[in-house]
Amino acid sequence: MKALVLAGGFATRLRPLSCTRPKALFPVVNKPLLEWTFERLGKHNIKEVIMAVNHQTEIAVRAQRIPKHALRIMYSRDPPKKPLGTGGPIKKAEKLIGHGSSFLVLNGDIFADVDYTRLLEIHRKTKATATIALCKVDDPSRFGVAKLAKDNRILRFVEKPPPEKEPSKLINAGVYAFSPEIFEYIPENQTVSTEREIFPELVKEKKLYGYVHRDLWMDIGKPEEYLEINRILLSRTKEPQRHRTSLGSQIREPAAIGKATVIGKRSIIGPNTVLGHNITVGDNVRIQDSVIFDGTEIDDSAQIQNAIIGGHVKVGKRANIPKGCILGDYVKIRDDVSLAEGVTICPAKEISESVATARNICC
Ligand code: GDD
Ligand code: MG
(Lines give C-alpha, C1' and ligand atoms only; values in the text may rest on other atoms or scores of the structure.)
(Ligands and ions follow the chains in the order given, each with its own letter.)
Protein backbone atom coordinates (compact mmCIF):
# COMPACT_ATOMS: atom_id res chain seq x y z
CA MET A 1 0.00 0.00 0.00
CA LYS A 2 1.27 3.46 -0.93
CA ALA A 3 0.83 7.02 0.27
CA LEU A 4 1.65 10.31 -1.38
CA VAL A 5 2.49 13.23 0.90
CA LEU A 6 1.91 16.72 -0.53
CA ALA A 7 4.73 18.87 0.75
CA GLY A 8 5.49 21.43 -1.92
CA GLY A 9 3.35 24.35 -0.78
CA PHE A 10 4.45 27.62 0.76
CA ALA A 11 3.43 28.40 4.32
CA THR A 12 2.81 32.09 4.78
CA ARG A 13 1.24 32.48 8.19
CA LEU A 14 4.09 30.81 10.03
CA ARG A 15 6.63 33.27 8.72
CA PRO A 16 9.38 33.97 9.63
CA LEU A 17 9.91 30.36 10.75
CA SER A 18 8.61 29.00 7.47
CA CYS A 19 11.16 31.11 5.53
CA THR A 20 13.79 28.55 6.44
CA ARG A 21 11.83 25.27 6.63
CA PRO A 22 8.74 23.70 5.08
CA LYS A 23 5.79 23.22 7.40
CA ALA A 24 6.17 19.45 7.21
CA LEU A 25 9.50 19.83 9.00
CA PHE A 26 8.31 21.98 11.87
CA PRO A 27 9.23 20.24 15.11
CA VAL A 28 6.22 19.04 17.08
CA VAL A 29 7.35 18.01 20.56
CA ASN A 30 10.86 17.63 19.21
CA LYS A 31 9.98 15.47 16.20
CA PRO A 32 9.42 16.85 12.70
CA LEU A 33 5.72 16.87 11.80
CA LEU A 34 6.59 14.54 8.91
CA GLU A 35 8.05 11.99 11.29
CA TRP A 36 4.74 11.78 13.15
CA THR A 37 3.13 11.07 9.77
CA PHE A 38 5.74 8.43 8.82
CA GLU A 39 5.25 6.74 12.17
CA ARG A 40 1.49 6.61 11.72
CA LEU A 41 1.81 5.35 8.12
CA GLY A 42 4.18 2.60 9.27
CA LYS A 43 1.71 1.49 11.96
CA HIS A 44 -1.02 1.21 9.34
CA ASN A 45 1.06 -1.08 7.21
CA ILE A 46 1.85 1.39 4.46
CA LYS A 47 5.10 0.35 2.80
CA GLU A 48 5.95 3.13 0.39
CA VAL A 49 5.70 6.89 0.62
CA ILE A 50 6.05 9.30 -2.25
CA MET A 51 6.99 12.79 -1.21
CA ALA A 52 5.49 15.33 -3.64
CA VAL A 53 7.95 18.17 -3.26
CA ASN A 54 9.57 21.12 -4.95
CA HIS A 55 13.34 21.41 -5.30
CA GLN A 56 13.72 23.35 -2.04
CA THR A 57 11.55 21.06 0.08
CA GLU A 58 13.25 18.00 -1.33
CA ILE A 59 16.63 19.29 -0.16
CA ALA A 60 15.25 20.22 3.26
CA VAL A 61 13.43 16.91 3.78
CA ARG A 62 16.44 14.83 2.71
CA ALA A 63 18.76 16.86 4.95
CA GLN A 64 16.55 16.24 7.98
CA ARG A 65 17.26 12.47 7.82
CA ILE A 66 13.96 11.53 9.42
CA PRO A 67 13.77 7.94 10.71
CA LYS A 68 11.91 6.00 8.03
CA HIS A 69 9.85 3.69 10.23
CA ALA A 70 10.36 0.83 7.75
CA LEU A 71 8.94 2.87 4.86
CA ARG A 72 10.48 3.17 1.43
CA ILE A 73 10.62 6.88 0.67
CA MET A 74 10.57 8.20 -2.89
CA TYR A 75 10.50 11.74 -4.23
CA SER A 76 8.39 13.20 -7.01
CA ARG A 77 9.38 16.74 -7.79
CA ASP A 78 7.24 19.50 -9.33
CA PRO A 79 8.89 21.02 -12.43
CA PRO A 80 11.16 24.04 -11.72
CA LYS A 81 9.15 27.24 -11.23
CA LYS A 82 5.87 25.40 -11.80
CA PRO A 83 4.13 24.34 -8.60
CA LEU A 84 1.58 21.71 -9.62
CA GLY A 85 -0.94 22.53 -6.88
CA THR A 86 -2.61 19.78 -4.87
CA GLY A 87 -3.79 17.70 -7.86
CA GLY A 88 -0.95 17.98 -10.41
CA PRO A 89 1.54 16.15 -8.14
CA ILE A 90 -0.83 13.14 -7.91
CA LYS A 91 -0.89 12.80 -11.70
CA LYS A 92 2.87 13.36 -11.86
CA ALA A 93 3.40 10.42 -9.47
CA GLU A 94 1.08 8.10 -11.46
CA LYS A 95 3.88 5.70 -12.45
CA LEU A 96 5.30 5.55 -8.93
CA ILE A 97 1.86 4.94 -7.43
CA GLY A 98 0.74 2.49 -10.12
CA HIS A 99 -2.77 1.22 -10.88
CA GLY A 100 -2.71 -1.83 -8.62
CA SER A 101 -4.74 -0.59 -5.66
CA SER A 102 -6.22 2.35 -3.81
CA PHE A 103 -3.76 4.71 -2.18
CA LEU A 104 -3.59 7.53 0.36
CA VAL A 105 -2.87 11.18 -0.27
CA LEU A 106 -2.00 13.37 2.71
CA ASN A 107 -1.50 17.09 3.11
CA GLY A 108 1.94 17.28 4.69
CA ASP A 109 1.18 20.30 6.84
CA ILE A 110 -1.41 18.90 9.24
CA PHE A 111 -1.36 16.72 12.31
CA ALA A 112 -4.09 14.12 11.92
CA ASP A 113 -4.49 10.97 13.97
CA VAL A 114 -6.54 9.39 11.17
CA ASP A 115 -7.15 5.63 11.14
CA TYR A 116 -5.80 5.07 7.62
CA THR A 117 -6.73 1.39 7.64
CA ARG A 118 -10.37 2.19 8.34
CA LEU A 119 -10.40 5.00 5.77
CA LEU A 120 -9.14 2.62 3.08
CA GLU A 121 -11.63 -0.08 4.13
CA ILE A 122 -14.57 2.32 3.90
CA HIS A 123 -13.26 3.63 0.60
CA ARG A 124 -13.22 0.13 -0.90
CA LYS A 125 -16.72 -0.67 0.34
CA THR A 126 -18.40 2.31 -1.30
CA LYS A 127 -16.40 1.92 -4.53
CA ALA A 128 -15.86 5.67 -4.50
CA THR A 129 -13.18 7.29 -6.65
CA ALA A 130 -12.18 9.42 -3.66
CA THR A 131 -12.96 9.34 0.05
CA ILE A 132 -12.11 12.40 2.11
CA ALA A 133 -11.46 12.31 5.85
CA LEU A 134 -13.67 15.03 7.34
CA CYS A 135 -13.43 16.84 10.66
CA LYS A 136 -15.94 18.98 12.49
CA VAL A 137 -14.68 22.49 13.30
CA ASP A 138 -16.29 25.71 14.55
CA ASP A 139 -15.04 27.95 11.76
CA PRO A 140 -14.89 26.05 8.47
CA SER A 141 -14.31 29.11 6.24
CA ARG A 142 -10.56 28.65 5.74
CA PHE A 143 -10.92 25.01 4.71
CA GLY A 144 -12.64 22.85 2.13
CA VAL A 145 -16.18 22.14 3.34
CA ALA A 146 -18.39 19.14 2.55
CA LYS A 147 -22.10 18.46 2.80
CA LEU A 148 -22.64 14.82 3.60
CA ALA A 149 -25.63 12.56 2.86
CA LYS A 150 -26.72 9.81 5.25
CA ASP A 151 -24.85 7.19 3.25
CA ASN A 152 -21.67 9.31 3.55
CA ARG A 153 -21.74 10.44 -0.06
CA ILE A 154 -20.60 14.04 -0.47
CA LEU A 155 -23.40 16.15 -1.96
CA ARG A 156 -21.42 19.38 -2.19
CA PHE A 157 -17.78 20.38 -1.77
CA VAL A 158 -16.75 24.03 -1.55
CA GLU A 159 -13.18 25.14 -1.08
CA LYS A 160 -12.84 28.11 1.32
CA PRO A 161 -16.46 29.27 1.23
CA PRO A 162 -17.19 32.83 2.35
CA PRO A 163 -18.01 33.00 6.09
CA GLU A 164 -21.59 31.97 6.84
CA LYS A 165 -21.98 30.45 3.39
CA GLU A 166 -20.50 27.10 4.46
CA PRO A 167 -22.67 24.10 3.62
CA SER A 168 -21.73 22.44 6.97
CA LYS A 169 -19.10 22.38 9.71
CA LEU A 170 -17.42 19.33 8.22
CA ILE A 171 -14.09 20.22 6.70
CA ASN A 172 -11.60 18.46 4.51
CA ALA A 173 -8.96 17.12 6.88
CA GLY A 174 -6.41 16.86 4.06
CA VAL A 175 -6.32 13.05 4.15
CA TYR A 176 -7.75 11.08 1.23
CA ALA A 177 -8.12 7.59 -0.15
CA PHE A 178 -8.13 7.50 -3.96
CA SER A 179 -8.81 4.74 -6.46
CA PRO A 180 -6.56 4.63 -9.53
CA GLU A 181 -9.46 6.07 -11.69
CA ILE A 182 -8.50 9.42 -10.15
CA PHE A 183 -5.64 9.65 -12.67
CA GLU A 184 -8.21 9.99 -15.48
CA TYR A 185 -9.53 13.20 -13.91
CA ILE A 186 -6.22 15.05 -13.62
CA PRO A 187 -4.54 16.54 -16.73
CA GLU A 188 -0.82 15.91 -17.11
CA ASN A 189 1.85 18.58 -16.48
CA GLN A 190 -0.63 21.13 -15.22
CA THR A 191 -1.26 23.00 -12.03
CA VAL A 192 -4.47 21.54 -10.68
CA SER A 193 -6.38 22.09 -7.45
CA THR A 194 -7.96 18.81 -6.36
CA GLU A 195 -10.29 20.74 -4.08
CA ARG A 196 -11.52 23.29 -6.64
CA GLU A 197 -11.36 21.33 -9.88
CA ILE A 198 -11.55 17.60 -9.19
CA PHE A 199 -13.83 17.21 -6.15
CA PRO A 200 -16.76 19.21 -7.64
CA GLU A 201 -16.52 16.97 -10.74
CA LEU A 202 -16.60 13.82 -8.59
CA VAL A 203 -19.59 15.20 -6.67
CA LYS A 204 -21.51 15.52 -9.96
CA GLU A 205 -20.67 11.92 -10.82
CA LYS A 206 -21.58 10.71 -7.29
CA LYS A 207 -18.13 9.27 -6.78
CA LEU A 208 -17.00 11.34 -3.79
CA TYR A 209 -17.49 10.05 -0.25
CA GLY A 210 -16.62 11.24 3.24
CA TYR A 211 -15.28 9.52 6.34
CA VAL A 212 -15.83 11.43 9.56
CA HIS A 213 -12.67 11.51 11.67
CA ARG A 214 -13.30 12.25 15.36
CA ASP A 215 -9.81 12.05 16.89
CA LEU A 216 -7.11 14.65 17.08
CA TRP A 217 -6.74 16.84 14.01
CA MET A 218 -4.92 20.13 13.72
CA ASP A 219 -3.80 22.37 10.91
CA ILE A 220 -0.62 23.99 12.21
CA GLY A 221 -1.01 26.92 9.84
CA LYS A 222 -1.27 29.63 12.50
CA PRO A 223 1.17 30.23 15.36
CA GLU A 224 -1.57 29.68 17.98
CA GLU A 225 -2.38 26.33 16.40
CA TYR A 226 1.25 25.33 16.30
CA LEU A 227 1.59 26.03 20.03
CA GLU A 228 -1.70 24.26 20.67
CA ILE A 229 -0.68 20.98 18.97
CA ASN A 230 2.53 20.97 20.99
CA ARG A 231 0.50 21.55 24.16
CA ILE A 232 -1.96 18.76 23.37
CA LEU A 233 0.76 16.22 22.59
CA LEU A 234 2.77 17.22 25.65
CA SER A 235 -0.21 16.59 27.87
CA ARG A 236 -0.68 13.16 26.27
CA THR A 237 2.88 12.05 27.03
CA LYS A 238 2.75 9.86 30.10
CA GLU A 239 6.41 8.96 30.63
CA PRO A 240 8.19 11.08 33.22
CA GLN A 241 10.87 13.17 31.55
CA ARG A 242 14.51 13.08 32.63
CA HIS A 243 16.32 16.35 32.37
CA ARG A 244 19.74 17.65 33.21
CA THR A 245 19.04 20.64 35.43
CA SER A 246 21.17 22.64 37.81
CA LEU A 247 20.65 23.64 41.37
CA GLY A 248 17.22 25.02 42.19
CA SER A 249 15.86 24.90 38.65
CA GLN A 250 12.41 23.49 38.00
CA ILE A 251 10.68 21.79 35.14
CA ARG A 252 6.93 22.29 35.38
CA GLU A 253 5.12 19.55 33.51
CA PRO A 254 3.94 19.21 30.89
CA ALA A 255 7.25 20.03 29.27
CA ALA A 256 9.70 18.33 26.94
CA ILE A 257 13.42 18.93 26.92
CA GLY A 258 15.56 17.76 23.99
CA LYS A 259 18.88 15.95 24.00
CA ALA A 260 22.00 17.80 25.19
CA THR A 261 19.92 20.73 26.41
CA VAL A 262 21.26 22.27 29.58
CA ILE A 263 19.32 24.39 32.05
CA GLY A 264 21.04 26.76 34.49
CA LYS A 265 20.42 27.52 38.16
CA ARG A 266 17.04 28.64 39.51
CA SER A 267 15.46 28.67 36.05
CA ILE A 268 11.82 27.65 35.69
CA ILE A 269 10.78 25.88 32.50
CA GLY A 270 7.13 25.10 31.73
CA PRO A 271 4.38 24.34 31.88
CA ASN A 272 3.46 23.72 28.22
CA THR A 273 6.95 24.22 26.95
CA VAL A 274 9.12 22.39 24.46
CA LEU A 275 12.85 22.98 24.44
CA GLY A 276 14.57 21.41 21.43
CA HIS A 277 17.98 19.73 21.33
CA ASN A 278 21.32 21.40 22.15
CA ILE A 279 19.79 24.40 23.84
CA THR A 280 21.59 26.31 26.56
CA VAL A 281 19.46 28.03 29.16
CA GLY A 282 21.24 30.32 31.65
CA ASP A 283 20.39 31.06 35.29
CA ASN A 284 17.12 32.57 36.55
CA VAL A 285 15.42 32.17 33.20
CA ARG A 286 11.64 31.80 32.97
CA ILE A 287 10.08 30.07 29.94
CA GLN A 288 6.45 29.06 29.71
CA ASP A 289 3.86 28.12 27.05
CA SER A 290 6.54 28.31 24.37
CA VAL A 291 8.40 26.24 21.81
CA ILE A 292 12.13 26.73 21.25
CA PHE A 293 13.93 25.11 18.34
CA ASP A 294 17.32 23.38 18.40
CA GLY A 295 20.62 25.07 19.12
CA THR A 296 19.27 28.25 20.71
CA GLU A 297 20.98 30.02 23.62
CA ILE A 298 19.01 31.85 26.27
CA ASP A 299 21.04 33.93 28.64
CA ASP A 300 20.53 34.65 32.34
CA SER A 301 17.29 36.17 33.59
CA ALA A 302 15.55 36.19 30.20
CA GLN A 303 11.76 35.75 30.16
CA ILE A 304 9.85 34.00 27.40
CA GLN A 305 6.12 33.52 27.36
CA ASN A 306 3.75 32.17 24.70
CA ALA A 307 6.35 32.57 21.99
CA ILE A 308 7.96 30.52 19.24
CA ILE A 309 11.72 30.86 18.98
CA GLY A 310 13.57 29.47 15.97
CA GLY A 311 16.83 27.54 15.88
CA HIS A 312 20.28 28.94 16.77
CA VAL A 313 18.78 32.13 18.18
CA LYS A 314 20.61 34.09 20.87
CA VAL A 315 18.49 35.70 23.55
CA GLY A 316 20.46 38.13 25.71
CA LYS A 317 20.46 38.64 29.45
CA ARG A 318 17.21 40.00 30.97
CA ALA A 319 15.54 40.06 27.53
CA ASN A 320 11.77 39.83 27.56
CA ILE A 321 9.90 37.97 24.83
CA PRO A 322 6.17 38.00 25.46
CA LYS A 323 3.03 36.51 23.96
CA GLY A 324 2.72 36.08 20.21
CA CYS A 325 6.37 36.81 19.39
CA ILE A 326 8.00 34.67 16.70
CA LEU A 327 11.76 34.78 16.20
CA GLY A 328 13.25 33.39 12.98
CA ASP A 329 16.36 31.20 12.97
CA TYR A 330 19.67 32.86 13.92
CA VAL A 331 18.01 36.00 15.33
CA LYS A 332 20.06 37.81 17.97
CA ILE A 333 18.34 39.66 20.80
CA ARG A 334 20.78 41.82 22.74
CA ASP A 335 20.84 42.12 26.55
CA ASP A 336 17.95 44.03 28.18
CA VAL A 337 15.86 44.16 25.00
CA SER A 338 12.15 43.95 25.61
CA LEU A 339 9.75 43.10 22.79
CA ALA A 340 6.08 44.08 22.61
CA GLU A 341 3.51 41.31 22.27
CA GLY A 342 3.21 39.95 18.73
CA VAL A 343 6.58 41.08 17.36
CA THR A 344 7.93 38.81 14.62
CA ILE A 345 11.56 38.91 13.50
CA CYS A 346 13.04 37.63 10.27
CA PRO A 347 15.92 35.13 10.29
CA ALA A 348 19.39 36.37 11.30
CA LYS A 349 18.23 39.87 12.30
CA GLU A 350 19.97 41.45 15.26
CA ILE A 351 17.83 43.50 17.66
CA SER A 352 19.66 45.85 19.99
CA GLU A 353 16.82 48.12 21.13
CA SER A 354 13.46 47.37 22.69
CA VAL A 355 10.44 47.20 20.39
CA ALA A 356 7.31 48.91 21.71
CA THR A 357 4.64 47.88 19.22
CA ALA A 358 3.66 44.67 17.46
CA ARG A 359 5.28 44.53 14.03
CA ASN A 360 7.33 42.40 11.70
CA ILE A 361 11.00 43.26 11.67
CA CYS A 362 12.71 42.27 8.47
CA CYS A 363 15.85 43.16 6.61
N1 GDD B 1 4.03 19.31 -4.42
C2 GDD B 1 3.21 20.33 -4.19
N3 GDD B 1 3.06 21.29 -5.15
N4 GDD B 1 2.53 20.38 -3.01
C5 GDD B 1 1.70 21.43 -2.81
C6 GDD B 1 1.52 22.47 -3.76
C7 GDD B 1 2.25 22.39 -4.99
O8 GDD B 1 2.16 23.23 -5.87
N9 GDD B 1 0.64 23.38 -3.26
C10 GDD B 1 0.29 22.92 -2.04
N11 GDD B 1 0.92 21.77 -1.75
C12 GDD B 1 0.80 20.99 -0.51
C13 GDD B 1 1.07 21.83 0.72
O14 GDD B 1 2.44 21.74 1.10
C15 GDD B 1 0.15 21.21 1.75
O16 GDD B 1 0.77 20.14 2.43
C17 GDD B 1 -1.01 20.67 0.92
O18 GDD B 1 -0.54 20.57 -0.42
C19 GDD B 1 -2.26 21.57 0.98
O20 GDD B 1 -1.94 22.84 0.47
P21 GDD B 1 -2.15 24.18 1.33
O22 GDD B 1 -1.63 25.30 0.51
O23 GDD B 1 -1.60 24.01 2.69
O24 GDD B 1 -3.72 24.27 1.34
P25 GDD B 1 -4.67 24.86 2.47
O26 GDD B 1 -4.13 24.60 3.82
O27 GDD B 1 -5.00 26.24 2.12
O28 GDD B 1 -6.00 23.96 2.26
C29 GDD B 1 -5.92 22.56 2.16
O30 GDD B 1 -5.83 21.94 3.44
C31 GDD B 1 -7.01 22.11 4.28
C32 GDD B 1 -6.74 21.31 5.56
O33 GDD B 1 -5.65 21.83 6.24
C34 GDD B 1 -7.17 22.08 1.39
O35 GDD B 1 -6.97 20.72 1.11
C36 GDD B 1 -8.44 22.28 2.21
O37 GDD B 1 -9.55 21.75 1.54
C38 GDD B 1 -8.26 21.58 3.57
O39 GDD B 1 -9.43 21.81 4.39
MG1 MG C 1 -2.37 23.99 4.62
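The values are calculated or read from the model by the stated rules, or taken from the named source; none is laboratory data. Worth saying up front: this structure is predicted, and the values here are computed from it rather than measured. Reconstructed Cβ throughout: ideal geometry from the backbone, glycine too, with neighbour counts over all protein chains shown. Only protein heavy atoms, including side chains, enter the accessible area calculation; ligands, DNA and RNA are left aside. Shrake-Rupley method; radii C 1.70, N 1.55, O 1.52, S 1.80 Å.
Before moving on, here are some points about what is shown:
- Positions within region 164-179 being open to solvent by less than 70 Å² (accessible area, probe 1.4 Å) and either free of Cβ contacts under 8 Å to residues at least 40 places away in the same chain or outside any loop (DSSP other than H, G, I, E, B) (or both), in sequence order: Glu166, Pro167, Ser168, Leu170, Ile171, Asn172, Ala173, Gly174, Val175, Tyr176, Ala177, Phe178
- Hits in region 138-163 - residues which are part of a loop (DSSP other than H, G, I, E, B) and more than 9 Å from ligand 1 (Cβ to nearest atom): Asp138, Asp139, Ala149, Lys150, Asp151, Asn152, Pro161, Pro162, Pro163
- Cβ-Cβ under 9 Å pairs, at least 6 apart or on other chains, region 180-200 side in a strand (DSSP E or B) and at pLDDT 95 or above, far side open to solvent by 20 Å² or more (accessible area, probe 1.4 Å) and within 15 Å of ligand 1 (Cβ to nearest atom): Val192/Gly85; Val192/Thr86; Val192/Lys91
- Residue within region 185-202 that is basic (Lys, Arg), crowded, with 16+ Cβ neighbours inside 10 Å and out of contact with any strand residue (DSSP E or B) (no Cβ under 6 Å at 6 or more places or on another chain) present: no
- Candidate set: region 1-59, residues that are within 16 Å of ligand 2 (Cβ to nearest atom), part of a loop (DSSP other than H, G, I, E, B) and hydrophobic (A, V, I, L, M, F, W, C); chosen: the one nearest to Arg359 (Cα to Cα): Leu14
- Residues being open to solvent by less than 20 Å² (accessible area, probe 1.4 Å) and under 12 Å from the mean Cα position of the chain (by Cα) - total across region 6-16: 2
- The conditions of being in contact with a strand residue (DSSP E or B) (Cβ under 8 Å, 6 or more places away or on another chain), open to solvent by 40 Å² or more (accessible area, probe 1.4 Å) and within 22 Å of Arg334 (Cα to Cα) are not met by Glu228.
- Subset of region 271-305 (residues that are assigned to a loop (DSSP other than H, G, I, E, B), touching a Pro at 6+ places or on another chain (Cβ under 7 Å) and without any contact (Cβ under 8 Å) to a residue 60 or more places away in the chain): Pro271, Asn272
- Pick from region 42-59, criterion within 15 Å of ligand 1 (Cβ to nearest atom) and crowded, with 17+ Cβ neighbours inside 10 Å, ranking: farthest from Thr237 (Cα to Cα): Asn54
- The listed residue being among the hydroxyl-bearing types (Ser, Thr, Tyr) and within 10 Å of ligand 1 (Cβ to nearest atom), out of Ser76, Ser101, Ser18: Ser76
- Evaluated against (1) surrounded by 15 or more Cβ atoms within 10 Å (Cβ to Cβ); (2) out of contact with any Gly (no Cβ under 8 Å at 6 or more places or on another chain); (3) over 28 Å from Phe26 (Cβ atoms), Gly221 falls short on exactly one condition, (3).
- Near pairs, Cβ below 6 angstrom, 6+ apart or cross-chain, from region 85-113 (aromatic (Phe, Trp, Tyr)) to any residue that is in a helix (DSSP H, G or I): Phe103/Ile97; Phe111/Ile229
- Checklist (1) part of a helix (DSSP H, G or I); (2) within 16 Å of ligand 2 (Cβ to nearest atom) applied to Lys91, failing item: (2)
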